[in-house]
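The values are calculated or read from the model by the stated rules, or taken from the named source; none is laboratory data. Quantities reported herein were computed from a predicted structural model and do not represent experimental measurements. No Cβ is skipped: glycine too gets one built from the backbone with ideal geometry, and neighbour counts run over all protein chains shown.
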Amino acid sequence: MRNDVPTMVADPLGADPVRGRVVWSPLKSLWWSAMAVGGLVAATCYFSWGGFLLFLATTAVTLCLGHSLGMHRRFIHRSYEAPLWLERLFVYLGTLVGMAGPLGMMRTHDLRDWAQRQAACHDYFGHRRAFLHDGWWQLHCDIELERPPRFVPPAEVDGDRFYQWLERWWMWQQLPWAMAFLALGGAGWVLWGVCARVAVGVTGHWLVGHFAHREGHQQWDVTTAAVQGYNVRLPGLGPVGAWVCGLVTMGEGWHNNHHAFPASARLGLERWQLDPGWWVLLGLRRAGLVRGLALPADLPPRPELRELAEEAAAGLPTTYPLTLLYDRNCLICQTEMDALRDRDAGRGRLRFIDISTPGFDPAPYGRTLGQLNASIHGVAADGRLVSGMQTLRLAYAAAGLGWVLRPTGWPLLQPLFDRIYAGFAQRRYGISAALAPVLERAAAWRTARRLQRCQGGRCDL
């Protein structure tokens, strides 16, 4: 398992990830341009459902089995164990994506990872330039550092004659498939099965890299790194956009997870984070073809890794401590606040004020007592007042339970849950009376648990 970047070795004088220049790479540029032109010709002059289905099938196989499972998770990061024949097959399929040979892929990947983990790095590694500028750099150019680290590939890879052959002739690996497609479906199949596939694969790889290193969903922060990774999602679609990106990238879109745990075989770490590559690995493990699938718990600890507050990962304001203004006369409300208070023990992220207490003054909050009593309110650390489901989402996130209410904030579901909560708030006293026996038993159980934590004659009651 490779959680660090051992292939990049700095000379005694050190290596510099900042100073360097981006230069045009004729071979790289012409290769992508030719494939892009071929793909456009396929779409405009040679469209057929057979060719399009060939494009979808070959793209899925080469990206999932080849790039994600072969090149990335196995060949580069060693995140699972596989027999040599299967590793070679997957790496061969990864070469067919059309970016580089296996050693070239490892060198490019590890140089970028090494640079991103430093305190500062060149804009080329961080995808910091504007969209089209970065596209020109990544698809048509290479970077030449003034003092680069030396690339020292693992001995078992560097001495493998198959990988050496594949590295030397990686572009030519498209030729046998082009001949087969020509025989089966004519020139249109060549354009769809080779040119369009390579153009989309290479361009898609750049797009994931561009958006995954600029902004987005982030649960983990590598405090010493110049560049952070973000989980990619389509804008404006919320979680649906993240699911789509997880599917079409074979799980590679969960890039924040990957920056946090590079050697994890699973990239979609949450249940809702769709990771087709991981699903395939599970199937291969059941078939006895792979084993030793590394997960974050199996990896060495990283002192520089910090888990961000759950509400920040969900895109919610990090404005804690959050003061909850609740009504103790509502038994359901009281039970919920007690549960949140227990979960928040030792964190200090939540504070509680009972607005039913005699003498409570609502004036500082800019609301009447009736308005505060109509729904739960919260006061953020910056003085901002929130109410209803938004308050509960922030409170649950503070207590480490953000996943429970996260669906209530999804764009398609939020109006429904807001209506449900408004209806509950109006009827909460009657609902509390009906559920009183259950709620009282829950309160007794919680008190018993607190008593179990008594130490030295002192209890958290």
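Listed by position, the helices (runs of 4 or more DSSP H) inside the stretch 172-228 whose residues that are touching a residue at least 60 places away in the same chain (Cβ under 8 Å) and of a type in the set (D, E, K, R) number at least 1 are 197-212. Checked against the criteria, Pro6 counts as surrounded by fewer than 16 Cβ atoms within 10 Å (Cβ to Cβ) and within 18 Å of Ser264 (Cα to Cα). Taken together, Gly204, Gly193, Gly159, Gly186 contain a single residue that is out of contact with any strand residue (DSSP E or B) (no Cβ under 8 Å at 6 or more places or on another chain) and under 30 Å from Gly126 (Cα atoms), which is Gly204. Only one of Gly126, Gly135, Gly98, Gly104 is in contact (Cβ under 8 Å) with a residue 12 or more places away in the chain, out of contact with any strand residue (DSSP E or B) (no Cβ under 9 Å at 6 or more places or on another chain), on the phi > 0 side of the Ramachandran plot and assigned by TED's automatic domain parsing to the domain that holds Gln164. Can you tell me which? Of Gly126, Gly135, Gly98, Gly104, the one residue that is in contact (Cβ under 8 Å) with a residue 12 or more places away in the chain, out of contact with any strand residue (DSSP E or B) (no Cβ under 9 Å at 6 or more places or on another chain), on the phi > 0 side of the Ramachandran plot and assigned by TED's automatic domain parsing to the domain that holds Gln164 is Gly98.
Okay, residues lined up against (1) at pLDDT below 90; (2) surrounded by fewer than 16 Cβ atoms within 10 Å (Cβ to Cβ); (3) aromatic (Phe, Trp, Tyr):
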position: Ala287; (1), (2), (3): no, yes, no
position: Ala294; (1), (2), (3): no, no, no
position: Ala313; (1), (2), (3): yes, no, no
position: Asp354; (1), (2), (3): no, yes, no
position: Tyr365; (1), (2), (3): yes, no, yes
position: Thr368; (1), (2), (3): no, yes, no
position: Gly378; (1), (2), (3): no, no, no
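Take Ala374 and tell me if it is farther than 19 Å from Leu331 by Cβ and not hydroxyl-bearing (Ser, Thr, Tyr). In short, no. Within the stretch 398-406, does at least one residue satisfy the condition of being surrounded by fewer than 18 Cβ atoms within 10 Å (Cβ to Cβ) and either of a type outside the set (A, V, I, L, M) or closer than 11 Å to Leu322 by Cβ (or both)? Checked against the condition, which is being surrounded by fewer than 18 Cβ atoms within 10 Å (Cβ to Cβ) and either of a type outside the set (A, V, I, L, M) or closer than 11 Å to Leu322 by Cβ (or both), the stretch 398-406 yields at least one hit. Among the candidates Leu416, Leu372, Leu394, Leu405, the residue that is assigned to a helix (DSSP H, G or I), in contact with a helix residue (DSSP H, G or I) (Cβ under 9 Å, 6 or more places away or on another chain) and either among the β-branched types (Val, Ile, Thr) or over 27 Å from Ala242 (Cα atoms) (or both) is uniquely Leu372.
Within the stretch 348-389, being farther than 11 Å from Tyr326 by Cα and in contact with a Leu (Cβ under 8 Å, 6 or more places away or on another chain) holds for Arg349, Leu350, Phe360, Pro362, Tyr365, Gly366, Arg367, Val379, Ala380, Ala381, Val386, Met389. Of the residues making up the stretch 139-171, those that are in a helix (DSSP H, G or I) and more than 28 Å from Ala199 (Cα to Cα) are Ala155, Glu156, Asp158, Arg161.
Residues that are surrounded by 19 or more Cβ atoms within 10 Å (Cβ to Cβ), touching a residue at least 24 places away in the same chain (Cβ under 8 Å) and of a type in the set (Gly, Ala, Ser): does the stretch 24-33 have at least one? Within the stretch 24-33, none of the residues are surrounded by 19 or more Cβ atoms within 10 Å (Cβ to Cβ), touching a residue at least 24 places away in the same chain (Cβ under 8 Å) and of a type in the set (Gly, Ala, Ser).
Residue count for the stretch 76-106, restricted to those that are within 13 Å of Trp170 (Cβ to Cβ) and in a helix (DSSP H, G or I): 10.
Of all residues in the stretch 323-339, those being outside any loop (DSSP other than H, G, I, E, B) and either in contact with a strand residue (DSSP E or B) (Cβ under 6 Å, 6 or more places away or on another chain) or not assigned by TED's automatic domain parsing to the domain that holds Ala442 (or both) number 5.
Residues in the stretch 229-244 that are in a loop (DSSP other than H, G, I, E, B) and either at pLDDT below 75 or among the polar types (S, T, N, Q) (or both): Pro235, Gly236, Leu237, Gly238. Criterion applied to Leu184, Leu175 was being surrounded by fewer than 14 Cβ atoms within 10 Å (Cβ to Cβ), in contact with a Leu (Cβ under 9 Å, 6 or more places away or on another chain), of a type outside the set (Phe, Trp, Tyr) and in the same structural domain as Leu111 (by TED's automatic domain parsing), and the one residue passing it is Leu184.
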